[in-house]
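Single-structure report; data block below.
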Amino acid sequence: MLLPKGGVNWKSTRARLPPYRAVTHYFTRSRTLTFIALAAVVLILWGGISTSSREMQRFYCWGPAKAPMEMSTNEQAQWHAHLQTPVLFNHHAPIEVESPAIQSVDLNGIMSTPRAALNEERVLILTPLRDAAPFLSKYFDLLSELTYPHELIDLAFLVGDSTDDTLAVLSSELDRVQKRSDGIPFHSALIVEKDFGQIVGQSVEERHGFKAQGPRRKSIARARNYLLYTALKPEHSWVYWRDVDIQDSPGKILEDFMDHNKDILVPNIWFHRYEGGRDIEGKFDYNSWIESDTGRKLADSLDKDVVLAEGYKEYDTKRKYLVTLGDWRNNKDEEVELDGIGGVNILVKADVHRSGINFPCYAFENQAETEGFAKMAKRAGYQVVGLPNYVVWHIDTEEKRGNLGSRPAY
């Protein structure tokens, strides 16, 4: 195609376009208008069909073309596999409670696990006291050495029937420990005062004499229960019973015990006796034992209100004692099932106590206090376990075998 001699310009281009009247005539012809109308109808129908197909997929009947009652189990599963219809339930509108006198406690999140420190599980340490002033300084020194986070530990004490300065010394020692600059204070401390009219003296002969055991054990049980029910709070996961007259114990005792994940756990209790320059390792606690056939027959022969005091020649039960089974030089994680326990050191999952397992201040299966506690726990299906090679050292009470037993300084 040859270009005009003068080049391409607007006049030359306009001269080559069809006249305006010719263009108008072309688009106003009936044939052209009909074609445009048909094209518009086709485009509108196509858009409507596409939208309808997408909507129809929401109501596609997945599964066989059968009535629901005629479907097999697999066909029912296929039928419901693509059921995407949302369902909203709103049975109750929320209730807003503004009264400050109404509180809510949710115990569902309170657990007792081997990873207690990591889970920030709270521990309640309980110690009943009577005429215990001489032991409190050592008690708090050992307590301060516990490696379990102190901010997760609550302390509680019951002082009752004391004739010495137990209350004053306890208050002073608590104040000292909580203000120590070289340590972390405990989360809280509680002192409970309650007298029970205890008339048994605190000398070795009076405290551990055979005739005193029934009344004394019942009184100690009451003291433990009063302390427990006053101090136990919803946030506590563990309860650690610890006597005041302990000579030595590991700083990691709480973590060591928790690792076993048992409902109720006790260590072995020994003592040091120094004679002639020698360290004689004595066995202290004869209240942690495994039941025997002789013991069962003896209990069956006794009146139901008689408290069977263990470790005395008057009652030859032939039970197997935890103190005779272990040695601190052996594997400390070895476990044995027990039927009775002493009270020097007991770690209890808090839910055991919440379930109503306490220290009977009466004859329960002819046992009272800690031994009755173990009997009651086992009756309820809880685990009662001893560690024969994990030794906690008690003070030497200068007693002879046959009059030994684990009792707090109460």
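Within the range 164-172, is even one residue under 30 Å from ARG115 (Cβ atoms), hydrophobic (A, V, I, L, M, F, W, C) and in contact (Cβ under 8 Å) with a residue 40 or more places away in the chain? Looking through the range 164-172, none of the residues is under 30 Å from ARG115 (Cβ atoms), hydrophobic (A, V, I, L, M, F, W, C) and in contact (Cβ under 8 Å) with a residue 40 or more places away in the chain.
No other residue among PRO149, PRO134 is farther than 29 Å from HIS353 by Cβ, at pLDDT 95 or above and not aromatic (Phe, Trp, Tyr) apart from PRO134.
In the condition set (1) modelled with pLDDT of 95 or more; (2) surrounded by fewer than 16 Cβ atoms within 10 Å (Cβ to Cβ); (3) among the polar types (S, T, N, Q), SER181 is compliant with all but (1). When you look at ALA309, is it open to solvent by less than 30 Å² (accessible area, probe 1.4 Å) and farther than 25 Å from HIS272 by Cα, yes or no? Considered against the rule, which asks whether it is open to solvent by less than 30 Å² (accessible area, probe 1.4 Å) and farther than 25 Å from HIS272 by Cα, ALA309 comes out as no. The strands (runs of 3 or more DSSP E) located wholly in the range 241-293 that include 2 or more residues which are open to solvent by 20 Å² or more (accessible area, probe 1.4 Å), closer than 22 Å to PHE140 by Cβ and in contact with a strand residue (DSSP E or B) (Cβ under 6 Å, 6 or more places away or on another chain) occupy 246-248. Here GLY160 meets each of (1) of a type in the set (Gly, Ala, Ser); (2) touching a residue at least 12 places away in the same chain (Cβ under 8 Å); (3) open to solvent by 40 Å² or more (accessible area, probe 1.4 Å) with one exception, condition (3).
Does at least one position in the range 65-75 carry a residue that is part of a helix (DSSP H, G or I), in contact with a Pro (Cβ under 7 Å, 6 or more places away or on another chain), modelled with pLDDT of 75 or more and open to solvent by less than 90 Å² (accessible area, probe 1.4 Å)? Yes. Please indicate, with yes or no, whether at least one residue in the range 129-150 is over 19 Å from VAL344 (Cβ atoms) and part of a loop (DSSP other than H, G, I, E, B). The answer is yes, given that some residue of the range 129-150 is over 19 Å from VAL344 (Cβ atoms) and part of a loop (DSSP other than H, G, I, E, B). For the range 218-240, the set of residues classified as outside any strand (DSSP E or B), over 20 Å from LEU170 (Cβ atoms) and open to solvent by less than 10 Å² (accessible area, probe 1.4 Å) consists of ALA221 only.
The number of residues in the range 353-374 being surrounded by 23 or more Cβ atoms within 10 Å (Cβ to Cβ) and part of a helix (DSSP H, G or I) comes to 6. Residue check: GLU173 meets all listed conditions (1) outside any loop (DSSP other than H, G, I, E, B); (2) open to solvent by less than 30 Å² (accessible area, probe 1.4 Å); (3) under 19 Å from PHE196 (Cα atoms); (4) of a type outside the set (Val, Ile, Thr) but one, namely (3). In the set ASP303, ASP333, only one residue is modelled with pLDDT of 95 or more, surrounded by fewer than 21 Cβ atoms within 10 Å (Cβ to Cβ) and not in a helix (DSSP H, G or I); that residue is ASP333. From the list LEU143, LEU155, the lone residue that is touching a strand residue (DSSP E or B) at 6+ places or on another chain (Cβ under 7 Å), of a type in the set (A, V, I, L, M), closer than 27 Å to ARG354 by Cβ and open to solvent by less than 30 Å² (accessible area, probe 1.4 Å) is LEU155.
The values are calculated or read from the model by the stated rules, or taken from the named source; none is laboratory data. Just so it is clear, the structure is predicted and the values come from calculations on it, not from any experiment. Glycine also receives a Cβ, built like all others from the backbone with ideal geometry; neighbour counts cover every protein chain displayed. Note: areas computed on protein heavy atoms with side chains; ligands, DNA, RNA excluded. Shrake-Rupley method; radii C 1.70, N 1.55, O 1.52, S 1.80 Å.
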